[in-house]
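A short write-up of the structure that comes next.
The values are calculated or read from the model by the stated rules, or taken from the named source; none is laboratory data. If you're wondering where the values come from, they're calculated on a predicted model, not measured in any experiment. Note that we place each Cβ from the backbone using ideal geometry, even for glycine, and neighbour counts take in every protein chain shown.
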Amino acid sequence: MDDHDRFMSESPPPEYFDGFDDVPFHRFLGLRLVERRPDHACLRLTITEQTPTGIGGSVNGGVIATMIDMAVIPAVFTGIREGSQPAGTADLRVTYLGQAHGAWIEAEATVIKRGRQLCVVEVSVTNDTGKLCARGSVLYALRSI
């Protein structure tokens, strides 16, 4: 087992997430990690003139789907069991409930069940007034090492 596999077989240390906000794709979208605890994470997207928009100037649905997918990662990674490592998103479903307007939107991810091969994660996307804009359901795959 090399250092990468050993690192990923345990819950990552807090500094693992220190660079999350600096990933170029996250910076491009304006995403930042605002909360992380076991089986839970919250990402915030600050809406700017550069934020891709959809109908009525709301945040683009693809951006919301991306937020849902990205919020799952720190939630799942906080509890990786020994002998497992992340293998990526296996299924992503999004239900759009209303347009996303405001100064920011947040994607809050909660791990509902951890299995040996899949984690079930639910994600809620709300705006700065607390309006529920979308719900996501994600199956995140794990593999044995």
Hey, Met67 hits all of (1) buried (at least 21 other Cβ atoms within 10 Å of the Cβ); (2) on the phi > 0 side of the Ramachandran plot; (3) not β-branched (Val, Ile, Thr) but one; which does it fall short on?
-> (2)
Does at least one position in the range 22-40 carry a residue that is assigned to a helix (DSSP H, G or I) and either in contact (Cβ under 8 Å) with a residue 12 or more places away in the chain or touching a Lys or Arg at 6+ places or on another chain (Cβ under 9 Å) (or both)?
-> yes
Report, ordered by the first and then the second residue, all pairs with beta carbons closer than 8 Å, sequence separation of six or more or different chains, a first member in the range 47-76 that is closer than 16 Å to Ala103 by Cβ and β-branched (Val, Ile, Thr), and a second member that is part of a helix (DSSP H, G or I) and at pLDDT 95 or above.
-> Thr51/Val63
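Would you tally the residues in the range 118-138 being outside any strand (DSSP E or B) and of a type outside the set (Val, Ile, Thr)? If you could, list the steps in order and put the result at the bottom.
Here is the first cut: in the range 118-138, the ones outside any strand (DSSP E or B) are 128-131.
Now restrict to residues that are of a type outside the set (Val, Ile, Thr): 128, 130-131.
Number of matching residues: 3.
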Considering only the range 88-137, how many residues are over 20 Å from Arg44 (Cα atoms) and crowded, with 19+ Cβ neighbours inside 10 Å?
-> 1
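Could you tell me which of the residues Ala41, Ala87 is at pLDDT 95 or above and touching a Leu at 6+ places or on another chain (Cβ under 9 Å)? Lay out the reasoning, then the answer.
On the way: Ala87 fails: at pLDDT 95 or above.
Among Ala41, Ala87, only Ala41 is at pLDDT 95 or above and touching a Leu at 6+ places or on another chain (Cβ under 9 Å).
Collect the residues in the range 96-129 that are among the small types (Gly, Ala, Ser) and within 18 Å of the chain's Cα centre (by Cα), keeping them in residue-number order. Steps first, answer last, please.
Keep residues of the range 96-129 that are among the small types (Gly, Ala, Ser), which gives 98, 100, 102-103, 107, 109, 115, 124.
Ala100, Ala107, Ala109, Ser124 - these are the residues of the range 96-129 that are among the small types (Gly, Ala, Ser) and within 18 Å of the chain's Cα centre (by Cα).
Quick one: would you say Gly98 is assigned to a loop (DSSP other than H, G, I, E, B), more than 23 Å from Phe25 (Cβ to Cβ) and touching a residue at least 60 places away in the same chain (Cβ under 8 Å)?
The answer is no for Gly98.
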